[in-house]
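Here's the structure we're looking at; comments come further down.
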Amino acid sequence: MEDTLIIRGIEFRSRLWIGTGKYRDFEETARAVQASGADVVTVAVRRVNITDRKSENLLDFLDPKKYKILPNTAGCYTVEDALRYSRLAREAGVSDMIKLEVIGDEKTLFPDTIGLLRATEILAKEGFVVFPYTNDDPIMAKRLEDVGAAAVMPLGAPIGSGLGLRNPYNIRIILEAAKVPVIVDAGVGTASDATIAMELGCDAVLINTAIAGAKDPIAMAEAMKHAVRAGRLAYRAGRIPKKLYATASSPLEGML
Amino acid sequence: MRLTVNGKAYCTEKGTVKELLGEMDIVPERVAVEVNLKVIKRAEYAGHRLQEGDTIEVVYFVGGGQEELWKIHSSLGE
């Protein structure tokens with residue numbers, strides 16, 4: 001059965017989305033992305049080095065015809081900066097998609113959700129397809145949806161922490177109420193974390209550090225591919241209810 | 001003409017955004033350009049005249065998934 005993720009008419013072949021930071025080099029980035037099977041890669045927007053023009057370009061390794069390039073506003077701590085980076089990203093890229101981050105605090109990297117809400121509303125009105133990185137807060141997820149977010153991206157745990165989904169109950173409440181796709185962004189540490197997110201019914205998972213920081217990033221990328229797929233299949237298959245006591249699975253009839 | 005390009009003083013005889021990118025050996029399709037905080041559309045590079053003292057930012061996509069690596073010091077305007 002077809003199980004394609006479609007957001008605002010854009011078809012996504014993969015429910016695993018990949019961040020491109022922290023790899024050793026562009027070649028390793030490209031190999032990891034390939035092993036993950038992802039067709040969405042998120043990238044940051046930064047100044048071109050005008051004095052050393054020999055440096056390689058990420059897009060030479062990740063063909064925008066093959067992958068959906070999802071620019072982010074990583075590093076933005078104010079609404080104004082997030083808007084500025086978003087508008088530049090749209091001009092540098094080929095789509096209206098933006099992974100919107102308005103960071104509230106350097107230590108936790110938790111989002112400044114008040115700024116995030118304002119920026120989401122402004123960018124949605126400008127025609128952006130906005131993917132806001134938010135807290136695992138069901139009310140804020142709803143608010144973001146109301147002002148035009150194309151999907152919501154609640155964190156599982158702080159960025160780069162690898163703590164997994166610290167509040168799966170909140171994610172469930174977000175999923176219950178959301179009319180837009182829910183994509184867990186941040187916190188995944190290993191394959192089972194990604195599976196848990198997908199088993200809850202999340203539409204996709206975005207992973208960077210858990211892959212790039214693994215001892216063998218290429219192998220972890222492959223593990224994540226299977227983890228996301230397994231979680232999605234299990235969600236669609238419908239799990240059995242949890243019970244305290246045993247239920248025999250072999251027939252009692254015919255016993256000696 | 002004296003400009004500020006990506007935070008650094010830059011002297012040029014070039015008159016337009018397109019010519020400036022050419023002088024810096026930058027492929028226009030891979031970047032975005034901002035002049036005095038206003039994003040310039042790619043189609044306007046050839047027509048946009050530069051003025052003495054203009055502040056220009058030329059950006060592109062780099063590896064980065066989430067905020068962690070990219071602290072404020074690498075942001076625009078610093």
Would it be correct to say that A:Arg172 is more than 13 Å from the chain's Cα centre (by Cα), basic (Lys, Arg) and closer than 24 Å to A:Ala89 by Cβ? no
Anything in segment B:26-41 that is more than 7 Å from chain A (Cβ to nearest Cβ) and free of Cβ contacts under 8 Å to residues at least 24 places away in the same chain? List them, or say none. B:Val27, B:Pro28, B:Glu29, B:Val35, B:Asn36, B:Leu37, B:Lys38, B:Ile40
Reported set for segment A:148-180 where residues are closer than 22 Å to A:Phe128 by Cβ and of a type in the set (D, E, K, R) is A:Lys179
When restricted to A:Glu80, A:Glu27, A:Glu56, A:Glu2, the only residue at pLDDT 85 or above and farther than 23 Å from A:Gly160 by Cα is A:Glu80
Restricting the search to segment A:32-53, which residues are within 7 Å of chain B (Cβ to nearest Cβ) and either without any contact (Cβ under 8 Å) to a residue 40 or more places away in the chain or among the small types (Gly, Ala, Ser) (or both)? A:Val43, A:Ala44, A:Arg46, A:Arg47, A:Val48, A:Ile50, A:Arg53
Is it fair to say B:Glu52 is among the charged types (D, E, K, R), at pLDDT 90 or above and in a loop (DSSP other than H, G, I, E, B)? yes
Being open to solvent by 50 Å² or more (accessible area, probe 1.4 Å) and assigned to a loop (DSSP other than H, G, I, E, B) is the requirement here; does A:Asp136 meet it? no
Of the residues A:Gly162, A:Gly156, A:Gly115, which single one is touching a Ser or Thr at 6+ places or on another chain (Cβ under 8 Å) and in a loop (DSSP other than H, G, I, E, B)? A:Gly162
Regarding A:Ser95, is this residue under 23 Å from B:Ala43 (Cα atoms), touching a helix residue (DSSP H, G or I) at 6+ places or on another chain (Cβ under 8 Å) and among the polar types (S, T, N, Q)? no
Can you name the residue in segment A:139-152 that is under 20 Å from A:Gly104 (Cβ atoms) and touching a Pro at 6+ places or on another chain (Cβ under 9 Å) and, of all such residues, is most open to solvent (accessible area, probe 1.4 Å)? A:Met140
Of the candidates A:Val205, A:Val228, A:Val182, the one satisfying the condition of being β-branched (Val, Ile, Thr) and touching an Asp or Glu at 6+ places or on another chain (Cβ under 6 Å) is A:Val182
Show the residue pairs that are 6+ apart or on different chains and have beta-carbon atoms under 8 Å apart, the first residue being within segment B:5-16 and within 11 Å of another protein chain (Cβ to nearest Cβ) and under 19 Å from A:Arg47 (Cα atoms), the second being open to solvent by less than 80 Å² (accessible area, probe 1.4 Å) and of a type in the set (Lys, Arg). B:Asn6/A:Arg47; B:Gly7/A:Arg47
Go through (1) touching a strand residue (DSSP E or B) at 6+ places or on another chain (Cβ under 6 Å); (2) over 18 Å from A:Asn208 (Cα atoms) and name the single condition A:Arg84 misses. (1)
Could you please find all residues in segment A:112-128 being open to solvent by 10 Å² or more (accessible area, probe 1.4 Å) and out of contact with any Gly (no Cβ under 9 Å at 6 or more places or on another chain)? A:Leu117, A:Arg118, A:Ile122, A:Glu126, A:Gly127
Does A:Asp105 qualify as being without any contact (Cβ under 8 Å) to a residue 24 or more places away in the chain, among the acidic types (Asp, Glu), more than 20 Å from A:Val182 (Cα to Cα) and facing chain B (nearest Cβ under 10 Å)? no
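Listed here are the residues, each with its yes/no results for (1) open to solvent by 80 Å² or more (accessible area, probe 1.4 Å); (2) over 17 Å from A:Trp17 (Cβ atoms).
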{"site": "A:Val184", "(1), (2)": "no, no"}
{"site": "A:Glu199", "(1), (2)": "yes, yes"}
{"site": "A:Asn208", "(1), (2)": "no, no"}
{"site": "A:Lys215", "(1), (2)": "yes, yes"}
{"site": "A:Ala219", "(1), (2)": "no, yes"}
{"site": "A:Arg236", "(1), (2)": "yes, yes"}
{"site": "A:Arg239", "(1), (2)": "yes, yes"}
{"site": "A:Thr247", "(1), (2)": "yes, yes"}
{"site": "A:Gly254", "(1), (2)": "no, yes"}
Between a residue in segment A:3-25 that is farther than 21 Å from A:Ala44 by Cα and any residue that is of a type in the set (Ser, Thr, Tyr), which pairs come within a Cβ distance under 6 Å, given they are 6 or more apart or on different chains? A:Glu11/A:Thr4
Being under 14 Å from B:Gly47 (Cβ atoms) and part of a loop (DSSP other than H, G, I, E, B) is the filter; apply it to segment B:6-28 and report the residue that is most open to solvent (accessible area, probe 1.4 Å). B:Lys14
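The values are calculated or read from the model by the stated rules, or taken from the named source; none is laboratory data. In this text the structure is predicted, and so the values were computed from the model without any measurement. Backbone-built Cβ (ideal geometry, glycine too); neighbour counts: all protein chains shown. Ligands, DNA and RNA are excluded from the accessible area calculation, which covers all protein heavy atoms including side chains. Shrake-Rupley method; radii C 1.70, N 1.55, O 1.52, S 1.80 Å.
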